[in-house]
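The values are calculated or read from the model by the stated rules, or taken from the named source; none is laboratory data. Quick caveat, the model's predicted, so the values are computed rather than measured. Every residue, glycine as well, gets a Cβ built from its backbone with ideal geometry; the counts of neighbours run over all protein chains shown. Please note that ligands, DNA and RNA were not included when accessible areas were found on the heavy atoms of the full protein model with its side chains. Shrake-Rupley method; radii C 1.70, N 1.55, O 1.52, S 1.80 Å.
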Amino acid sequence: MSDYQTSVLIIGSGPSGYTAGIYAARAGLKPLIFTGPQTGGQLTLTTEIENFPGFPEPISGPELMSRMRQQAENVGVQIVEDKITKVDLNSRPFICQSENGHRISADSIIISTGATARWLGLESESKFLGFGVSGCATCDGFFYRNKDVAVIGGGNTAVDEALYLTNFASSVTLIHRRDALRADQTLQTRLFNNPKITVEWDSVVDEFVGTDTPKSLTGLKVKNVKTGDIKEIKVDGAFVAIGHHPNSELFKDWLDIDAEGYLITPPNSCKTKIEGVFAAGDVQDPHFRQAIVAAGSGCIAALEAEKYLNELKSK
Ligand code: FAD
Ligand code: NAP
């Protein structure tokens, strides 16, 4: 006997999970969301969102996510603060188990477990996260008009972000731990030709430096890994771009995942290789990783789940 029975189990409470919930509830499917360890998802880590339509003034990440939750609850989504720890995608209905010991049976599942930005893991990095330290140039670059910023990383994301930031910032320092970039040659050429960008090679951030009141980043202590020398550079913003990790571990024995761990879905669809199991948002999006895109794919997943359940009923 299961503790919860539902036609649609949504795993995750970021923009994709809540949007899937809103669509599924409005289709009369009585969906159930398991929030997971980070209720509200990645946006709860950021201070101001300026690129989610519908909010003419910037809205804080936690506030936006709390409104999405409220909207989901208002249309009848049941939300459980618990994490899914095990899935059986062989059985019909699908069976899942949660951290708090619940057993859930579901006719369909929407996986919205998102991705986790990789961070350097320094105490000073967490201290200034949202106060000068960011994980997303597209989201926060706008705040650094005519200011000095740094980007940490040497892959495509770091170079993309450095180039993007030159639209706003006066100077961009790319800090990379080796003497060669991992990024594609085309991007590298654009980077090296951009007069606003300088590269600190063989360098790592030793400390994010700033003021306590107001809490604000003012610079970075950068260590040259070859010489051991540490120097301080003045920056108003630092973008950590050392990769993302999709939260797909739970599904790796059941579904197709790519070399970087993203769940594979066909173009313009959230279907996985198991009928009735859908994946939406950052967990299946290696390219855009934006809240509005995640919300859009949550919508697609719910519409596809509705169609699947209707077909199941008529069989
Ligand atoms: P996520 O938001 O990652 O949510 C994943 C959810 O899955 C979480 O609720 C988590 O608890 C849950 N979960 C994980 N594992 C389990 C499990 N086993 N069981 C149950 N639940 C589970 N995008 C923008 O468009 N604009 C911005 O300004 C912006 N700023 C950002 C700032 C920062 C610091 C970061 C890190 C990202 C930012 N992004 C921004 C990107 C945006 O946050 C993501 O694209 C978006 O949140 C992805 O939504 P999602 O629903 O796919 O997943
Ligand atoms: P990535 O390719 O894994 O690169 C991560 C970068 O961060 C690497 O340069 C790595 O250094 C560095 N790094 C990792 N951990 C670090 C640490 N602890 N300290 C300092 N530096 C660290 O990740 P990504 O750039 O986010 O790209 C992910 C995927 O998305 C890739 O497949 C990429 O091609 C794709 N993508 C494509 C585009 C595009 O085509 N325009 C844009 C963005 C992303 P090392 O080089 O020394 O390992």
Selection count where residues are in contact with a Lys or Arg (Cβ under 9 Å, 6 or more places away or on another chain) and open to solvent by less than 20 Å² (accessible area, probe 1.4 Å), scope the range 176-186: 1
Failed criterion for Tyr18 (all others in (1) touching a strand residue (DSSP E or B) at 6+ places or on another chain (Cβ under 9 Å); (2) not in a helix (DSSP H, G or I) hold): (2)
Test: residue in the range 99-113 that is small (Gly, Ala, Ser), more than 24 Å from Lys273 (Cβ to Cβ) and in contact (Cβ under 8 Å) with a residue 12 or more places away in the chain: no
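Look at Tyr164 and say whether it is within 14 Å of ligand 1 (Cβ to nearest atom), touching a helix residue (DSSP H, G or I) at 6+ places or on another chain (Cβ under 8 Å) and free of Cβ contacts under 8 Å to residues at least 40 places away in the same chain.
yes
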Sole residue being of a type in the set (Val, Ile, Thr) and open to solvent by 60 Å² or more (accessible area, probe 1.4 Å), chosen from Thr173, Thr166, Thr116: Thr116
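Quick grid of which residues meet (1) in contact with a strand residue (DSSP E or B) (Cβ under 7 Å, 6 or more places away or on another chain); (2) assigned to a strand (DSSP E or B):
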residue: Gly76; (1), (2): no, no
residue: Ile79; (1), (2): yes, yes
residue: Thr85; (1), (2): yes, yes
residue: Cys96; (1), (2): yes, yes
residue: Ser108; (1), (2): yes, yes
residue: Trp119; (1), (2): yes, no
Residue that is farthest from Val205 (Cα to Cα) [pool: residues in the range 242-257 that are more than 14 Å from ligand 2 (Cβ to nearest atom) and either open to solvent by 20 Å² or more (accessible area, probe 1.4 Å) or without any contact (Cβ under 8 Å) to a residue 60 or more places away in the chain (or both)]: Trp254
Where a residue in the range 183-194 is in contact (Cβ under 8 Å) with a residue 24 or more places away in the chain and its partner, wherever it lies, is of a type in the set (D, E, K, R), with Cβ under 7 Å and at least six apart: Leu187/Asp160
Hits in the range 185-205 - residues which are within 14 Å of ligand 2 (Cβ to nearest atom) and touching a helix residue (DSSP H, G or I) at 6+ places or on another chain (Cβ under 9 Å): Leu187, Gln188, Arg190, Leu191, Val199, Val205
Of the criteria (1) on the phi > 0 side of the Ramachandran plot; (2) within 13 Å of ligand 1 (Cβ to nearest atom), which one Gly121 fails: (2)
Single condition Phe34 does not satisfy, out of (1) closer than 21 Å to Lys271 by Cα; (2) near ligand 1 (Cβ under 10 Å from one of its atoms); (3) in contact with a helix residue (DSSP H, G or I) (Cβ under 7 Å, 6 or more places away or on another chain): (3)
Matching residues, the range 80-113, being basic (Lys, Arg), out of contact with any Ser or Thr (no Cβ under 7 Å at 6 or more places or on another chain) and surrounded by 17 or more Cβ atoms within 10 Å (Cβ to Cβ): none
The listed residue being closer than 28 Å to Ile264 by Cβ, open to solvent by 30 Å² or more (accessible area, probe 1.4 Å) and part of a helix (DSSP H, G or I), out of Thr44, Thr39: Thr44
Residue that is within 16 Å of ligand 1 (Cβ to nearest atom) and open to solvent by 60 Å² or more (accessible area, probe 1.4 Å), where the choices are Glu311, Glu260, Glu232, Glu207: Glu260
Residue list for the range 277-307, restricted to those being within 16 Å of ligand 2 (Cβ to nearest atom) and in a loop (DSSP other than H, G, I, E, B): Asp285, Pro286, His287, Phe288, Arg289, Gln290
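Being within 18 Å of Gly114 (Cβ to Cβ), touching a Lys or Arg at 6+ places or on another chain (Cβ under 7 Å) and among the aliphatic types (A, V, I, L, M) is true for just one of Leu250, Leu255. Which residue is that?
Leu255
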Helices (runs of 4 or more DSSP H) contained in the range 125-218 and holding at least 1 residues over 24 Å from Ala291 (Cα atoms): 185-192
Odd one out for Ala137, checked against (1) open to solvent by 20 Å² or more (accessible area, probe 1.4 Å); (2) at pLDDT below 95; (3) within 16 Å of ligand 2 (Cβ to nearest atom): (1)
